[in-house]
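Below is one structure, written out as structure tokens, with a few remarks after it.
The values are calculated or read from the model by the stated rules, or taken from the named source; none is laboratory data. Since the structure is predicted, the reported quantities are computational estimates derived from the model, not experimental observations. FYI the Cβ positions are ideal-geometry reconstructions off the backbone, even for glycines, and counts take in every protein chain you see. These area figures cover heavy atoms from the full protein model, side chains too; ligands, DNA and RNA do not enter into them. Shrake-Rupley method; radii C 1.70, N 1.55, O 1.52, S 1.80 Å.
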Amino acid sequence: MTEQKDTICAISTPPGVGGIAVIRVSGDDAIAITDTLWRGKRLADAASHSVHYGSIVDAQGDVVDDCVAAVFRAPKSFTGENVVELSVHGSVYVQKAVVGLLVEAGARLAEHGEFTRRAFAAGKMDLAQAEGVADLIASRSRAAHDIAIKQMKGGFSRRLAAMHDNLLELASLLELELDFSEEDVEFASRQKLHAQAVELRDEIHRLAASFDSGNAIKEGIPVAIIGPTNVGKSSLLNALVGDDRAIVSDIHGTTRDLIEDTVNIGDFTFRFIDTAGIRNTDDRIEQLGIDRSRQAIGRATILLHVIDAANPQKADWLDSIADNQHLVAVINKTDVASSQQAADMIPAGTTTVEVSAKTSAGIDTLRDTLTGIAQSLLTDPGDIIVTNARHRQALLNALLPIERVITGLTSNLSGDFIAQDLREVLHHLGSITGTVTTTEILTTIFSRFCIGK
Ligand SMILES: Nc1nc2c(ncn2[C@@H]2O[C@H](COP(=O)(O)OP(=O)(O)OP(=O)(O)O)[C@@H](O)[C@H]2O)c(=O)[nH]1
Ligand SMILES: [Mg+2]
């Protein structure tokens, strides 16, 4: 794979006006190109990792802005190439003018994620770490940030490397067995190899399964607010997000469609989904809304089952809840009615919170209950959690051949067949960190990054 080595430039700070904007230049000629529009101490003479005050001038020699240039020389830079970072005043005009001058001087506008792609090509980080950088930039909560920074710092990559080593050891033990097969000597006990393969399979399985929680933490944990009409679901959404997000009225069937809002509580981002009240209806539009409510049940990590204390009713959808979903019964309107009758209808063992969406009584307790559940999604806070769909797919792809390895070892299959399956496992795990990859895969991954990253 050949990576282009031309010099690229881009505005690395967000679009719009700010106090300062950073323009990044990277490539063999980054320093020489910047020097052509630089007035101040020649950057070509500057040491690596040094900062300089000077001006940017246009073709006529007129000053566009005063700025600070930071110089990083290859290979000790983010991309491994010569890099100049210009901190200019954050005017949109200045930012565009400086980029325009850099392009006139021979740089090219960077594509999405091109700086990080070059860092990957230079071996500064592997693919999983590069994706961690993107997740870190996108993180909105402490929990999402913690997972991203662990990935960026190589936590996941180290775990994969350990698995890679174990697989190689398995393969080499099998090869030994093959080399001496004529002599009828068994070098590695198949039982031991089997135990090792099972351990690897369980690890791959655990990592793949952690995606559901990981993705929920990254994107916002989906919490569906479900119940009959008029129980106060929309009022509860408004109380939880602290805003008049959904229309509230005493008319049954007010909410017709899913209404979502995202809010941070504690270390987590939650995505609340208010739904149409479930009841029998002849109204076609309302029925379409109720169908969506039932679909929302299937997609939620947490279900808030809202019950009206003054008018508790049985729910027909409780049976459809999956094992990995968390149910919380929320008895609402406790400001006007006793919760006793409602509590009697809730299946034993269900987490129950009594609230009044109207007065906000109990809402803090409900928030605590939600963060408690979110915390439990991180089974072991120190453990690796997969948040990237590409990584999960690669892990699932690796599960099939590792299962074949296990069956092969129990059924005394010849070592060379097993070794072939082992290689396939290695291939899929390697695709996560990018030891095996193609230009198309790289282009797809980095196109999701922002320009200037
Ligand atoms: N007293 C009291 N009234 C409440 C409370 N919560 C909601 N209400 C009232 O109950 C009625 C229904 O509230 P909504 O939030 O619209 O109920 P909903 O479950 O979203 O109803 P649908 O959208 O029709 O399914 C409104 O008149 C609210 O003011 C509460 O805690 N106490
Ligand atoms: Mg409603």
**Message:** Condition first: open to solvent by 10 Å² or more (accessible area, probe 1.4 Å) and in contact (Cβ under 8 Å) with a residue 12 or more places away in the chain. Now tell me which residues in segment 39-57 satisfy that.
**Reply:** ARG39, GLY40, LYS41, ALA44, ALA47, SER48, HIS49, SER50, VAL51, HIS52, TYR53, SER55
**Request:** Tell me which of these ASP282 doesn't satisfy, since it passes every other one: (1) within 11 Å of ligand 1 (Cβ to nearest atom); (2) of a type in the set (D, E, K, R); (3) in a loop (DSSP other than H, G, I, E, B).
**Result:** (1)
**Request:** Determine whether ALA310 is surrounded by fewer than 19 Cβ atoms within 10 Å (Cβ to Cβ), in a loop (DSSP other than H, G, I, E, B), under 26 Å from the mean Cα position of the chain (by Cα) and away from ligand 2 (no atom under 16 Å from the Cβ).
**Result:** no
**Request:** Could you run through segment 80-94 and say how many residues are touching a Ser or Thr at 6+ places or on another chain (Cβ under 8 Å) and at pLDDT 95 or above?
**Result:** 6
**Asked** Out of all the residues in segment 1-12, is one or more without any contact (Cβ under 8 Å) to a residue 12 or more places away in the chain, of a type outside the set (D, E, K, R) and more than 20 Å from ILE451 (Cα to Cα)?
**Response** yes
**Fill in**
In segment 296-334, residues that are touching a Ser or Thr at 6+ places or on another chain (Cβ under 9 Å) and closer than 14 Å to LEU258 by Cβ total 3
**Message:** Take the conditions within 10 Å of ligand 2 (Cβ to nearest atom), at pLDDT 95 or above and open to solvent by 10 Å² or more (accessible area, probe 1.4 Å) and apply them to THR255. Does it pass?
**Reply:** yes
**Message:** Quick check on my filter: what residues within segment 34-57 are in contact with a helix residue (DSSP H, G or I) (Cβ under 6 Å, 6 or more places away or on another chain) and either within 19 Å of VAL103 (Cβ to Cβ) or acidic (Asp, Glu) (or both)?
**Reply:** THR34, ASP35, LEU37, LEU43, ILE56
**Request:** State whether the residues of segment 313-324 include one that is within 23 Å of GLY266 (Cα to Cα), away from ligand 1 (no atom under 13 Å from the Cβ), modelled with pLDDT of 95 or more and among the polar types (S, T, N, Q).
**Result:** no
**Request:** Kindly state which helices (runs of 4 or more DSSP H) lie completely within segment 81-180 and contain at least 3 residues that are touching a strand residue (DSSP E or B) at 6+ places or on another chain (Cβ under 7 Å) and closer than 25 Å to ASN388 by Cα.
**Result:** 114-121
**Request:** Determine the pairs where a residue that is more than 10 Å from VAL353 (Cα to Cα), located within segment 326-340, has a partner that is open to solvent by 60 Å² or more (accessible area, probe 1.4 Å) and in a helix (DSSP H, G or I) with Cβ atoms under 9 Å apart, the partner being 6 or more residues away or on another chain.
**Result:** HIS326/SER376
**Message:** Suppose we keep only residues that are open to solvent by less than 20 Å² (accessible area, probe 1.4 Å) and part of a helix (DSSP H, G or I) within segment 212-238. Which one would you say is nearest to ligand 2 (Cβ to nearest atom)?
**Reply:** SER234
**Request:** Give the residue that is farthest from the chain's Cα centre (by Cα), with candidates limited to residues of segment 289-307 that are free of Cβ contacts under 8 Å to residues at least 60 places away in the same chain and either within 27 Å of THR359 (Cα to Cα) or open to solvent by 40 Å² or more (accessible area, probe 1.4 Å) (or both).
**Result:** ASP291
**Message:** Exactly one condition in (1) away from ligand 2 (no atom under 16 Å from the Cβ); (2) open to solvent by less than 70 Å² (accessible area, probe 1.4 Å); (3) free of Cβ contacts under 8 Å to residues at least 60 places away in the same chain is false for ASP274; which is it?
**Reply:** (1)
**Request:** Tell me, yes or no, whether segment 249-265 has at least one residue that is hydrophobic (A, V, I, L, M, F, W, C) and near ligand 1 (Cβ under 8 Å from one of its atoms).
**Result:** yes
**Residues satisfying the stated conditions in segment 25-38, i.e. surrounded by fewer than 24 Cβ atoms within 10 Å (Cβ to Cβ), of a type outside the set (Asp, Glu) and farther than 12 Å from VAL57 by Cβ** = ALA32
**Prompt:** How many of the residues making up segment 325-344 are in contact with a strand residue (DSSP E or B) (Cβ under 9 Å, 6 or more places away or on another chain) and either away from ligand 1 (no atom under 14 Å from the Cβ) or over 22 Å from THR365 (Cα atoms) (or both)?
**Reply:** 6
**Prompt:** How about segment 5-21: which of its residues are of a type in the set (A, V, I, L, M) and open to solvent by 100 Å² or more (accessible area, probe 1.4 Å)?
**Reply:** VAL17, ILE20
